[in-house]
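One structure is given below, encoded as structure tokens.
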Amino acid sequence: MTERVPYGYNPPADKEKGTLIYYDTFEHATDDSIAIAAAVADDRSFARLVLYPIHEETAKRMSKEPVSPYYKREKRLSEWLSEFGSDDITLDGWEGKRKKYTPMEAALRHLTETLPAPHFVMLAPETANLFASFASFEEWIVRVRLIVTSEPRMIHPRLDRYRHRWEAL
């Protein structure tokens, strides 16, 4: 269908851009913490918030803390999404389809290739320190910015060196 507009009309600029990726096990995440991530995405005008729950095999290798099965955490997030009711928030199930250990680098590669830039990754303080300990951290920290849910008690030296690329809520 053709629309008529006055001569000289310029469509308004899109103020929303980029993607906020919430990378977590979501084992201990409450509805309030997910709502905080949604509020951060809204306040900073991100086009999309992507919840990325990691598989239990990935969580087992990243930390020794046990987590519930992936499908249970995914179901809880789906229920939260239907209750919250926002089109700008999506749940990425790529790791659930793989059903095995997925390195963080592979997950970030998948997310950055499929989602609009710029990319911001929201992490728990422990996960941020763990990410900084990976050999590929310096390669990734220049591509993404980090938002840490709270100030880490102990900061990894690489994370401290790249303090200008992350912030704590």
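Some values worked out for this structure:
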item	result
In region 1-52, the residues that are of a type in the set (Lys, Arg) and surrounded by 10 or more Cβ atoms within 10 Å (Cβ to Cβ)	Lys17, Arg44, Arg48
Any chance Pro125 is under 12 Å from Ile21 (Cβ atoms) and out of contact with any helix residue (DSSP H, G or I) (no Cβ under 9 Å at 6 or more places or on another chain)	no
Flag if Met154 is surrounded by fewer than 19 Cβ atoms within 10 Å (Cβ to Cβ), among the aliphatic types (A, V, I, L, M) and either free of Cβ contacts under 8 Å to residues at least 60 places away in the same chain or not in a helix (DSSP H, G or I) (or both)	yes
Set Ser86, Ser82, Ser68: member being at pLDDT below 95 and assigned to a helix (DSSP H, G or I)	Ser82
Candidates Ile54, Ile21, Ile89 - the one that is more than 18 Å from Ala128 (Cα to Cα), touching a residue at least 40 places away in the same chain (Cβ under 8 Å) and of a type outside the set (Gly, Ala, Ser)	Ile89
Cβ pairs under 6 Å, 6+ apart, first in region 35-51 and under 17 Å from Arg76 (Cα atoms), second acidic (Asp, Glu)	Val50/Asp92
Positions within region 1-41 being of a type in the set (Phe, Trp, Tyr) and touching a Lys or Arg at 6+ places or on another chain (Cβ under 9 Å), in sequence order	Phe26
Among the residues listed as Ala128, Ala135, the single one being among the aliphatic types (A, V, I, L, M) and part of a helix (DSSP H, G or I)	Ala128
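For every residue, the table says whether it meets (1) outside any helix (DSSP H, G or I); (2) of a type in the set (A, V, I, L, M, F, W, C); (3) within 18 Å of Thr30 (Cβ to Cβ).
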site	(1), (2), (3)
Thr58	no, no, no
Lys64	yes, no, no
Lys72	no, no, yes
Ala106	no, yes, no
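The values are calculated or read from the model by the stated rules, or taken from the named source; none is laboratory data. The shown structure was predicted, so the numbers you read here are calculated from the model rather than taken from an experiment. Cβ: placed from backbone, ideal geometry, glycine included. Neighbour counts: every protein chain shown.
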